Amino acid sequence: MRTIVLILEYDGTDFAGWQLQPNGRSVQEVVEQALAKLLGEAVRVHAAGRTDAGVHAHAMPVHFVTHRDLPLSAFRNGLNRLLPPDVAVHEAYVMPADFHARFMARQKWYRYTIERRSGRSPLSRRRAWQVRGALDLAAMREAAALLIGEHDFAAFRTSGCAAQTTVRRLDSCELREEGTLLHIDVRGSGFLRNMVRMLVGTLVQVGRAQRPVADIERLLAREVGVRSGLTAPAHGLCLMAVNYPEPFEESV
């Protein structure tokens, strides 16, 4: 038996999310179908996280166990011939038998991209949320700094979130300009369902002067009557990287 890790990139636009869905195309479904053709056996693929419908991934680690002793190049080159155009394998690794892509992850990096151009931008429409009007970036950075550390992020999750605890550690929340694009890079130990999108929506409200910076502290304190901002659209969010205690080895 071999434990194989794949690093996937995918455009989430036409997917119902990572996880298998009864009535929707999922990333997990197309990856498992391609692996079944390559290996001649059914395997279950486990991802580092479960991206929602429309969310993208630049480097999503996934793992599976197989009896087949194929060279690592087959898992990259062979799978890329079988996968649809909106999913690709960048790298493949052999890992110890006890490795788990989700449970062993130590930090995840998500990037949310905002397009600040006043007119329509066809090139960024699938990867960025268009926000018209000026944003106060100084106020947004001040609000973002209040999110750093270990907090109860209960105010920043959707009602369908099944997490047993809402305490999470946020290592950084940085705003970076790239022309008309604004990238919000969030790194942390883990995230609640829609947490990053709700954080971004709240920061945008701060940037529009629709709520004060101090609301961040009130939200983290779960102050009665204070609610988080709008949930930013899914298509602006991308999983950039996942870090583990030890670096991957034996790649191709």
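Here are a few things to note about the model shown:
- Single condition residue 123 does not satisfy, out of (1) under 19 Å from the mean Cα position of the chain (by Cα); (2) among the hydrophobic types (A, V, I, L, M, F, W, C); (3) closer than 24 Å to residue 56 by Cβ: (1)
- Of the residues screened, residue 106 is one that is touching a residue at least 60 places away in the same chain (Cβ under 8 Å), exposed (fewer than 15 other Cβ atoms within 10 Å of the Cβ) and under 17 Å from residue 50 (Cα atoms).
- The residues listed here are 120, 81, 102; of these, the one that is assigned to a loop (DSSP other than H, G, I, E, B) and over 29 Å from residue 169 (Cβ atoms) is 120.
- Counted residues, region 167-200 - those being in a loop (DSSP other than H, G, I, E, B) and open to solvent by less than 20 Å² (accessible area, probe 1.4 Å): 2
- Qualifying position, being under 28 Å from residue 189 (Cβ atoms) and open to solvent by less than 80 Å² (accessible area, probe 1.4 Å), among 92, 97: 92
- Subset of region 201-241 that is within 22 Å of the chain's Cα centre (by Cα) and of a type in the set (Gly, Ala, Ser) - its residue that is surrounded by the most Cβ atoms within 10 Å (Cβ to Cβ): 236
- Given (1) part of a loop (DSSP other than H, G, I, E, B); (2) surrounded by fewer than 17 Cβ atoms within 10 Å (Cβ to Cβ); (3) under 13 Å from the mean Cα position of the chain (by Cα); (4) at pLDDT 95 or above, index of the condition residue 50 fails: (4)
- In region 30-44, the residues that are open to solvent by 10 Å² or more (accessible area, probe 1.4 Å) and either under 18 Å from the mean Cα position of the chain (by Cα) or aliphatic (A, V, I, L, M) (or both): 30, 36, 38, 42, 43
- Number of the exception - residue 75 against (1) under 20 Å from the mean Cα position of the chain (by Cα); (2) surrounded by 14 or more Cβ atoms within 10 Å (Cβ to Cβ); (3) at pLDDT below 95: (1)
- Cβ-Cβ contacts under 6 Å between residues 6 or more apart (or on different chains), taken from a first residue in region 137-156 that is more than 15 Å from residue 185 (Cα to Cα) to a second residue that is in a strand (DSSP E or B) and open to solvent by 20 Å² or more (accessible area, probe 1.4 Å), are listed as 150/169; 152/167; 153/168.
The values are calculated or read from the model by the stated rules, or taken from the named source; none is laboratory data. Quantities reported herein were computed from a predicted structural model and do not represent experimental measurements. All Cβ positions, glycine included, derive from the backbone under ideal geometry; neighbour counts span all protein chains shown. Quick note on the areas: whole protein, heavy atoms, side chains included, nothing else; ligands and nucleic acids left out. Shrake-Rupley method; radii C 1.70, N 1.55, O 1.52, S 1.80 Å.
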